[in-house]
Amino acid sequence: MDVKYINPFLEATVNVIKTMAFVDVTPDRPFLKKDHVAFGDVTGIIGLTGDVRGSLSLTMNFHLIKTIMQKMLGEEIEDVNDDARDAVGELTNMISGDARRVLQQNGLNLTAAIPTIVAGKNHTIKHIVSGPVIVIPFTSEGGGKASVEVSLAK
């Protein structure tokens, strides 16, 4: 998968989480995913269609979700609740929109479906195209972790 397709998702993740949740996340080196197990506690996954098709997922560990809920909504949570799942879904949607805007400026048109949310320890993520899945890991202060997975095919 071409880096020109990956960078907009990386940049959108940093920008959206900083702007909407007031949390700085730092990207690490992207890598190719080898299985379907998620790297966290809650995942938002969204299908993409257009000039290419595929999917985007955003997975966060509970620590990062808890931090985001406190900063975004002033809520202290003790476990993953409906509000936490909704927040991950909404952030997934915003990241998708921001990345798609940049991709469209570069000539790649995509539309997105509504995010699906999956939660639980060791849950799995199945992307809609069979092909490589690029994982972009992120860390935040205090042990927060997230990953964005992108899988696109023509």
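Just so you know, all these numbers are worked out from the coordinates, no wet-lab data involved. Small disclaimer: the values here were computed from a predicted structure and weren't measured. Using ideal geometry, Cβ is built from the backbone for each residue, glycine included, and neighbour counts are taken over all protein chains shown.
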_Per residue of the stretch 45-55, what does 6.51 cos²θ - 1.76 cosθ + 1.60 with θ = phi - 60° give for ³J(HN,Hα)? Whole Hz please, x for Gly and Pro, Karplus curve as stated._
10, 9, x, 10, 9, x, 4, 10, 10, x, 7
*Cross-link reach list, lysines versus residue 121, counting only Cα pairs under 25 Å and skipping chain neighbours closer than eight places*: 33, 34, 66, 71, 145
*Top positive-direction residue, dipole computed over the stretch 1-142 with Cβ charges, set 133, 117, 80*: 133
_From the Cα trace of the chain, what convex hull volume per residue do you get, rounded to a whole Å³?_
95 Å³
_19 Å Cα-Cα reach of residue 126 towards aspartates and glutamates, excluding residues that sit fewer than 8 places from it in its own chain_ = 35, 41, 149
*Ignoring the sites themselves, what is the longest stretch of the chain with no GluC sites (Glu not before Pro) in a DSSP loop and at most 15 other beta-carbon atoms within 10 Å?*
1-74
